[in-house]
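What follows is a short report on a single structure.
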Amino acid sequence: MEPFIEQVLISEEIIQAKVKDLGKKISEDYLDKGEIRAIGILRGAFIFMADLVRNIKVPLSVDFMSISSYEDDCETTGVVRILKDLDKPITNRHVLIVEDIVDTGLTLKHLKEVLATRNPASLKVCALLNKKEKRVVKDLVIDYCGFDIPDRFVVGYGLDFAERYRNYPFIFILKPEYYQKPGQV
Ligand code: IMP
């Protein structure tokens, strides 16, 4: 095992099985609706998005948005900024937001509000991970949810700490001494 891993929380096999299930459920739900516009939230959702869309068996197009709510740190700032907007309009589209993780829920709440003003035909959310303990937005709906996880900072499978560890195919907790920004290590 890599020296920086404290604990593997979700293995590659379990993630892949869950992504398959989510894709199946989404495919069934959208069968009669028409094309899905899947919106991946960069950068954390890029791997999940790539795996998920390959398990969705209805017509689908993709777009990406980049949002900032954490600045290289484990603490939420409460500030949500759009760093990169969608390339295409979503008017009358069946939009599926694909998120890596929902924590306080502030990012997703803001995102849903912004996208709802653009008059999509429908707006749903698929999030791989759900940390409920620190939820600030209590009434947030996650239509498709992969795993409920405890309130620990996790990395891997697209999720980072200071831009590192996105490339590991499983989700894990870092040893405390590795929660240091580059340059401090
Ligand atoms: P929220 O606005 O507090 O729900 O935070 C959502 C965003 O924070 C996610 O899209 C991630 O970018 C980031 N985030 C929250 N928890 C974690 C974590 O455990 N690991 C990596 N990123 C996280």
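The values are calculated or read from the model by the stated rules, or taken from the named source; none is laboratory data. All figures in this text were calculated on a predicted structure; none of them were measured in a lab. Heavy atoms of the whole protein, side chains included, go into the accessibility calculation; ligands, DNA and RNA do not. Shrake-Rupley method; radii C 1.70, N 1.55, O 1.52, S 1.80 Å.
Against the criterion of solvent-accessible heavy-atom surface with a 1.4 angstrom probe, Arg43, Arg166, Arg118, Arg93 sort, most first, into Arg43, Arg93, Arg118, Arg166. Only protein atoms count toward the accessible area here, which uses a 1.4 Å probe; on the chain, the carbon and sulfur part of that area reaches 51 percent.
Which shape class, rounded, prolate or oblate, goes with region 91-131 when its Cα gyration tensor gives a ≥ b ≥ c as root eigenvalues, a/c under 1.5 marks rounded, and past that a/b bigger than b/c marks prolate? It comes out oblate by the Cα gyration axes. Between the alpha-carbon centers of region 1-21 and region 102-121, tell me the distance in whole angstrom. Answer, in whole Å: 28. Straight-line reach from Lys88: which aspartates and glutamates fall under 20 Å, measuring Cα to Cα and dropping same-chain residues less than 8 apart? Answer for Lys88, where 20 Å is the Cα cut-off: Glu35, Asp63, Glu99, Glu113, listed by chain and number. Working from Cα positions, state the angle (0 to 90°, nearest 10) between the long axis of helix 12-30 and the longest principal axis of the chain. Approximately 20 degrees, to the nearest ten. What is the pair-distance distribution P(r) of the chain, computed from all Cα-Cα distances in 5 Å bins starting at 0, with each bin given as a whole percent? P(r) over the chain, rounded to whole percents: 1, 8, 17, 21, 20, 16, 10, 4, 2, 1, 0. For the set His110, His94, the ranking by accessible area, highest first and with no ligand, DNA or RNA atoms included, is His110, His94 under a 1.4 Å probe.
With 24 Å as the limit, the listed pairs Lys24/Lys134; Lys20/Lys124; Lys18/Lys131 have Lys24/Lys134 beyond it between alpha carbons. In the context of the full set of protein chains, residues of region 12-151 present 50 Å² of accessible surface per residue (probe radius 1.4 Å, heavy atoms only).
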